[in-house]
Structure formats: structure tokens, C-alpha cells
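Working notes for the structure below.
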Amino acid sequence: MIDLHCHILPGIDDGAADVSVSLAMARASVDDGVSVVACTPHILPGLYHNTGPQIRQAVKDLQDVLDDENIPLRLVTGADVHIVPDFVDGLRSGRLLSLADTRYVLVEPPHHVAPLRLEDLFFNLLVAGYVPILTHPERLTWINERYASIKRLVRAGVWMQITAGSLVGHFGRNAKYWAERMLGEGCVHILATDAHDTKRRPPNLGRGRELAAKLVGDEEAEHLVVTRPKGGLSNAAPSDLPTPQVARTVAENADAETGTHQSHAAARGGLSSRLRRIFG
């Protein structure tokens, strides 16, 4: 498996406090079946003043330590980039980092306040040739009121990454509900750990994959942790990668509702066609 969101770098943000924690996280990831981890510390002006060059050096230093310890884990560069006004310019200059210098970039919005002009930011990234990956939308406190915006972003080409711990229940019932709902509706592209340590927020991608498979099947679960992450790190075009699959029960419910209202489709402005766009 490939974990595209992990705060494994030591002493650089609120993740691993020191190298000993980084090593413990690396060993836990390997034991869990992970072979590649994207090192994605926060870049948040005013709190975490990390920059591209600093992160690159930290990744190299930690990889050297892992190699010396014979831990078979490959690290790649990245960042959990909070929304900033000059996002595209920051990526082009190297101050901000995409995942392994590809078109795919993690974007973290504010947790408790829905940002103004959210869709404009993602549109600008898409136009500039990037594939923004919105990190852990299921954990945003404003998703209840703005889920329609999340779905519009998905239709526009924005990828969604949910957290394995949300499926496990580590972030509460609301996050678990939205993680399961988004998976069921085919709105999730990536499953990652967002691990910060080995106890409170551990690497648990394998468990997340198991739970995802119960909702969307083994094949789609494989796409969440292997196919799409691997394609992303090779800079494949999104169109060359499998699209998220709708859970069977969701699709069946949509088909049943479409059939029930089929005779009224014209009067209702094409309800069935809208359902196919949503659930197809």
C-alpha cells in the first residue's frame, strides 16, 4: 500500500516529535503493509513555517536513517498545504510542494470555518494543471452545511482523501458518517492515514482498507490505497486512473428511486437524468 498523507518527519510540525517516533511510525507502516509514504508536514503561515527546500532536506535525512536501520520504506516529498492566496505561485516557485513533484497536491482547508470562494481556489489549481486533493473533508465541521460544494468539487475534477481513522471511528461519529457516505457515493479517491504518531493517531491504513472494502468492495479498496496513489506518484493523468465506484446499495437505491418516479421525470425536469449524473 501507499500512504499519501503522513506526518512522519521529526520535529517539523505537530507530527512525530523526534526521530525515535519517526522510526516507530516507519516500522508500524511497514508491518501494516505500506511500502511508500509521502512525508506531508503542514505548511501553515503563522504556525508551521515549513518550506519546500526545508522539507526536501528533512525527507532525505530521514530516508538515510531508515536505510541505516534497514527499514524497507521509501519516502517521497510532499506537504499538507493550507489554503493561501498565492497557492499556484507557491507551487511553481517550490516554496510549496506537491506530492513527489507531480501534478497532485494535498490541500487542507480550515477545519471550523468554510473559506470564502473555496471553489475558486480549486478552479485556479485545476486551470494551472494541478490535481488538488482535498484532505480529510469528512472531518471538517462545516461539511454538514457545505456538502453540495464538496460534490461540485468532485465533479469538477478535485480529488478527495479521507482518513483511515475516520472509518475506524477515531474522529467521532460525524466523521465516520461522512467518510462512509462519501465512499458509498463514489466521492473518495484516496484513503490515507494522516498519522502523527503510533498511539493517538497511528499508521492504520490496513484497517482502513478493510473497512472500506466492506462498503465498496475489494477492487475499489485496492484503488484507494494502491492504484490511484501509485498513479499519482507517477504523475499519471486522472483520466488514466479508475474513477471511484459507487457502493452497490447506493446505486440500487438510486435505481429504485429513478424507477419510482420515472413517469414524472418530464414534469420534474428530468429527475432520473440528474440522479444518473449524481450517482453515475
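The values are calculated or read from the model by the stated rules, or taken from the named source; none is laboratory data. Being a predicted model, the structure only gives us computed values, none of them experimental. Note that we place each Cβ from the backbone using ideal geometry, even for glycine, and neighbour counts take in every protein chain shown.
A few remarks follow.
- Residue count for region 205-249, restricted to those that are hydrophobic (A, V, I, L, M, F, W, C) and part of a loop (DSSP other than H, G, I, E, B): 5
- When restricted to residues that are farther than 16 Å from VAL246 by Cβ and either assigned to a loop (DSSP other than H, G, I, E, B) or out of contact with any His (no Cβ under 8 Å at 6 or more places or on another chain) (or both), region 148-174 contains 17.
- Leading residue by the ranking (farthest from ASP80 (Cα to Cα)) among those in region 125-171 that are among the polar types (S, T, N, Q) and surrounded by fewer than 22 Cβ atoms within 10 Å (Cβ to Cβ): ASN144
- Count of residues meeting criterion [over 15 Å from ALA24 (Cα atoms), surrounded by 14 or more Cβ atoms within 10 Å (Cβ to Cβ) and in contact with a Lys or Arg (Cβ under 9 Å, 6 or more places away or on another chain)] in region 63-104: 2
- Selection status of ARG209, at pLDDT 95 or above and charged (D, E, K, R): yes
- Residue among VAL168, VAL188 that is modelled with pLDDT of 95 or more, out of contact with any Phe, Trp or Tyr (no Cβ under 8 Å at 6 or more places or on another chain), closer than 30 Å to GLY11 by Cα and not hydroxyl-bearing (Ser, Thr, Tyr): VAL168
- Residue count for region 123-145 under the criterion of being farther than 23 Å from ARG181 by Cα and out of contact with any strand residue (DSSP E or B) (no Cβ under 9 Å at 6 or more places or on another chain): the result is 5.
- Verdict on ALA58 being free of Cβ contacts under 8 Å to residues at least 40 places away in the same chain and among the small types (Gly, Ala, Ser): no
- Residue match in region 106-116 (condition: modelled with pLDDT of 95 or more and in contact with a Pro (Cβ under 9 Å, 6 or more places away or on another chain)): yes
- Filter result for ALA221 (among the small types (Gly, Ala, Ser), more than 20 Å from PRO109 (Cα to Cα) and either free of Cβ contacts under 8 Å to residues at least 12 places away in the same chain or surrounded by 19 or more Cβ atoms within 10 Å (Cβ to Cβ) (or both)): yes
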